[in-house]
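Before any comments, here is the structure.
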Amino acid sequence: MTVALKRAVTTPLLFFFILGDILGAGVYVLVGSIAGESGGAVWLPLVVALALAALTAGSYAELATKYPRAGGSAHYVTAAFGPAAGSFVGFCMLGAGMVSVGALTAAFAGDYLQTLVSWPAAAVVVVFSILLAAVNIRGIRESLGVNVAATVVELGGLLLIVGLGAWVMARGDADVQRLTEIGGPDRGPAGAVLAGTVLAFYSFVGFETSVNLAEEVEDPRRSYPRALFGALLTAGLVYVLLGVVASASVPVERLAGSSGPLLEVVRVAGECPIGCSA
């Protein structure tokens, strides 16, 4: 006997779920790494990665609307190649999710959180992971409600950094010429963009997990494509703006050498402007 899941997920909830999955995680950590690989044109690999992610998203949109079932990738592979292949893919997705959550929780508990409070990073990782698991076990409506709040905070933080970077540029302390600098002495423009794109693509991953909710979405055939591409384009716009202000405001070497590259934008914004007397 097959028990259908309750369709309690609306289009706005799905949009924020996908946006929360994409936003923040990669860009908070990877902007410096992208700068180290591609030079000052941090925005360019992000644009290329967005285009590649949109192609992948198109495949997921087609599959999620044709097979609106829980399980996502594992269900699609099971339908095509049988249960053994589907179980293997499901196990890989589970493993990838655990590694991703662990890595990003550790990054959050590091420089970013330590800027505000001095808590042991290991304890923060464990407690935060347990709380996340408890909310998800409670139910889909509850977990998505928490996700909306977290996504709004996350988006607000990123937009704040964009605003601070724009302020640095407006007061004349930025170097906009860096935005056209691609590569370095040991790597040509094409290789630099490719290397940066490989890293930047990680900033867009996460939307693929949304197909697991297809069976719980009220009208997946209409809601899923709208929420997916809307969230992907929103994240892409924020990422490109971050790439522009970060690269223009902070020297490439400083971005590449920082474990909290977006914090460098905040620090530059708080520094004494050129020509002032400290």
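The values are calculated or read from the model by the stated rules, or taken from the named source; none is laboratory data. Please read these numbers as outputs of a predicted model, since none were measured by experiment. Counting neighbours? That spans all protein chains shown, and the Cβs are built from the backbone with ideal geometry, glycine included. Each accessible area value is taken on the protein alone, full model and side chains, heavy atoms only, with ligands, DNA and RNA left out. Shrake-Rupley method; radii C 1.70, N 1.55, O 1.52, S 1.80 Å.
Annotations for the structure displayed:
- Of all residues making up segment 93-112, the number that are open to solvent by less than 60 Å² (accessible area, probe 1.4 Å) and under 18 Å from the mean Cα position of the chain (by Cα): 12
- Residues in segment 123-144 that are touching a residue at least 12 places away in the same chain (Cβ under 8 Å), out of contact with any strand residue (DSSP E or B) (no Cβ under 7 Å at 6 or more places or on another chain) and either surrounded by 15 or more Cβ atoms within 10 Å (Cβ to Cβ) or of a type outside the set (Ser, Thr, Tyr) (or both): 124, 125, 128, 132, 141.
- Scope segment 145-178; condition over 27 Å from residue 270 (Cβ atoms) and open to solvent by 50 Å² or more (accessible area, probe 1.4 Å); matching residues: 146, 149
- Restricting segment 192-220 to residues that are within 15 Å of residue 35 (Cβ to Cβ) and among the small types (Gly, Ala, Ser), the residue that is nearest to the chain's Cα centre (by Cα): 203
- Matching residues in segment 229-254 - criterion: being buried (at least 24 other Cβ atoms within 10 Å of the Cβ) and not β-branched (Val, Ile, Thr): 231, 235, 239, 242, 243, 246, 247, 249
- Some residue of segment 16-39 being of a type in the set (Asp, Glu) and farther than 28 Å from residue 191 by Cβ: yes
- Some residue of segment 160-175 being of a type in the set (Asp, Glu) and without any contact (Cβ under 8 Å) to a residue 60 or more places away in the chain: no
- Here residue 70 meets each of (1) surrounded by 19 or more Cβ atoms within 10 Å (Cβ to Cβ); (2) part of a loop (DSSP other than H, G, I, E, B) with one exception, condition (1).
- Just one of the listed residues (126, 117) is in a helix (DSSP H, G or I) and not basic (Lys, Arg), namely 126.
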